[in-house]
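What follows is a short report on a single structure.
The values are calculated or read from the model by the stated rules, or taken from the named source; none is laboratory data. On a predicted model such as this, the values are computed, not experimentally measured, just so you know. Cβ placement follows ideal geometry from the backbone for every residue including glycine, while neighbour counts extend to all protein chains displayed.
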Amino acid sequence: MLRHQTASFVEPIAIMTATESRPALRARLKAERAAWLADTPAGHAAPAGLARQLLALLDQLEPMCLGLYWPLEGEFNAVQALLGHAWPEEAPQLALPYCYRTPRRMDYRRWDGSEPAGVDEVGIAAPTGGVVVPDVVLAPCVGFTREGFRLGYGGGYFDRWLAEHPGVTTVGLAWSVGEAQFAVEAHDLPLGVILTEHDIIAP
């Protein structure tokens with residue numbers, strides 16, 4: 001059973017004002033996380049803390065096929081965190097997203113763990129393996145709410161994929177400084193659980 005943990009150290013919550021758009025909030029959160037990761041002791045320690053949270057959760061979930069993401073600047077590197085992990089049972093098949101521009105959609109492709117051989121249509125590193133449907137997927141969060149909603153990069157790829165695969169276990173990976181308050185839109189779907197470096201949020 002997943003437990004909702006409340007950290008003793010509380011970061012400021014970014015609140016989207018009535019005049020602030022989602023793109024503006026997204027840009028502000030990205031700038032704030034970059035400064036926090038580079039310039040604060042909490043930011044320097046955060047990757048190790050989030051790695052511990054993630055590996056413990058994955059050992060509970062025991063995925064058969066795990067959907068990862070290729071990390072962009074400022075995102076938690078889940079790929080690196082999994083290197084050398086001793087799985088309690090058989091290691092899962094790995095997969096990475098492949099995004100298409102027209103029509104805008106996303107698949108997961110089988111991945112062998114090596115440097116991806118290509119890029120998808122939005123320029124992110126992607127494997128060339130066959131299409132798979134993971135039973136557990138990890139999603140990076142620019143921002144998040146305590147109700148389990150994720151603020152991503154605005155493309156809607158993950159939300160579309162998730163709407164088509166409602167039975168998949170979704171795990172958001174976020175930094176605590178990304179906690180925010182923003183208006184939930186019709187296409188937003190709550191994640192199953194969100195992890196930060198010191199928190200487990202299971203709505």
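Looking only at region 123-139, count every residue that is under 19 Å from the mean Cα position of the chain (by Cα) and surrounded by fewer than 20 Cβ atoms within 10 Å (Cβ to Cβ) and tell me the total.
6
Across region 188-200, what is the number of residues that are within 17 Å of Ala51 (Cα to Cα) and either out of contact with any Gly (no Cβ under 9 Å at 6 or more places or on another chain) or modelled with pLDDT of 95 or more (or both)?
Restricting attention to region 188-200, the residues satisfying the condition of being within 17 Å of Ala51 (Cα to Cα) are 193-200.
This time we only want the ones that are either out of contact with any Gly (no Cβ under 9 Å at 6 or more places or on another chain) or modelled with pLDDT of 95 or more (or both), so: 193-197, 199-200.
Number satisfying all stated conditions: 7.
Check region 186-195 and report whether any residue there is small (Gly, Ala, Ser) and outside any loop (DSSP other than H, G, I, E, B). Outline the logic, then answer.
Step one: list which residues in region 186-195 are small (Gly, Ala, Ser), which gives 186, 192.
From what's left, outside any loop (DSSP other than H, G, I, E, B): none.
Checked region 186-195: no residue is small (Gly, Ala, Ser) and outside any loop (DSSP other than H, G, I, E, B).
Is there any pair linking a residue in region 54-81 that is closer than 19 Å to Val142 by Cα to one that is in a strand (DSSP E or B) and aromatic (Phe, Trp, Tyr), with Cβ under 6 Å and at least six apart or on different chains, and which?
Gly67/Tyr108
Considering only residues that are under 18 Å from His165 (Cβ atoms) and touching a residue at least 24 places away in the same chain (Cβ under 8 Å), look in region 103-117 and name the one that is surrounded by the fewest Cβ atoms within 10 Å (Cβ to Cβ). Give the derivation first.
Of all residues in region 103-117, those under 18 Å from His165 (Cβ atoms) come to 103-111.
Checking which are touching a residue at least 24 places away in the same chain (Cβ under 8 Å) leaves us with 104-108, 111.
Numbers: Arg104: 13, Arg105: 15, Met106: 19, Asp107: 18, Tyr108: 27, Trp111: 23.
Out of the qualifying residues, it is Arg104.
Pick from Leu25, Leu58: which is crowded, with 18+ Cβ neighbours inside 10 Å, at pLDDT below 95, of a type outside the set (D, E, K, R) and not in a loop (DSSP other than H, G, I, E, B)? Walk me through how you get there before you give the answer.
Values: Leu58 fails: at pLDDT below 95.
It is Leu25.
State which residue pairs qualify: first residue closer than 25 Å to Asp188 by Cα and inside region 118-144, second residue part of a loop (DSSP other than H, G, I, E, B) and of a type in the set (Ser, Thr, Tyr) in any location, beta carbons under 9 Å apart, and separation of 6 or more residues or different chains.
The qualifying pairs are Glu121/Thr102; Ile124/Tyr69; Val137/Tyr69; Leu138/Tyr69; Ala139/Tyr69; Pro140/Tyr69; Pro140/Tyr153; Val142/Tyr153.
Among the numbered conditions (1) farther than 30 Å from Ala38 by Cα; (2) under 18 Å from the mean Cα position of the chain (by Cα); (3) surrounded by 13 or more Cβ atoms within 10 Å (Cβ to Cβ), tell me where Tyr100 comes up short.
All conditions are met except number (2).
I want to confirm something. Restricting to region 103-112 and keeping residues that are within 18 Å of the chain's Cα centre (by Cα) and not aromatic (Phe, Trp, Tyr), which single residue is nearest to Cys65 (Cα to Cα)?
Step one: of region 103-112, the residues within 18 Å of the chain's Cα centre (by Cα) are 105-109, 111.
Add one more test, that the residue is not aromatic (Phe, Trp, Tyr), and what stays is 105-107, 109.
Values: Arg105: 20, Met106: 16, Asp107: 14, Arg109: 11 Å.
Ranking the candidates gives Arg109 first.
Would you point out which residue out of Glu89, Glu20 is surrounded by 13 or more Cβ atoms within 10 Å (Cβ to Cβ), modelled with pLDDT under 90 and not in a strand (DSSP E or B)? Explain how you work it out, then say what you get.
Numbers: Glu89 fails: surrounded by 13 or more Cβ atoms within 10 Å (Cβ to Cβ).
Criteria check complete, one pass: Glu20.
So which of Pro127, Pro116, Pro97 ends up being touching a helix residue (DSSP H, G or I) at 6+ places or on another chain (Cβ under 8 Å) and under 18 Å from Pro71 (Cα atoms)? Working first, answer last.
Details: Pro127 fails: touching a helix residue (DSSP H, G or I) at 6+ places or on another chain (Cβ under 8 Å); Pro116 fails: touching a helix residue (DSSP H, G or I) at 6+ places or on another chain (Cβ under 8 Å).
Result: Pro97 is the single residue among Pro127, Pro116, Pro97 that is touching a helix residue (DSSP H, G or I) at 6+ places or on another chain (Cβ under 8 Å) and under 18 Å from Pro71 (Cα atoms).
Just to be sure, is Thr145 surrounded by fewer than 19 Cβ atoms within 10 Å (Cβ to Cβ) and polar (S, T, N, Q)? Even if it seems obvious, please write down each step before you answer.
Numbers: surrounded by fewer than 19 Cβ atoms within 10 Å (Cβ to Cβ): no; polar (S, T, N, Q): yes.
Criteria not met by Thr145.
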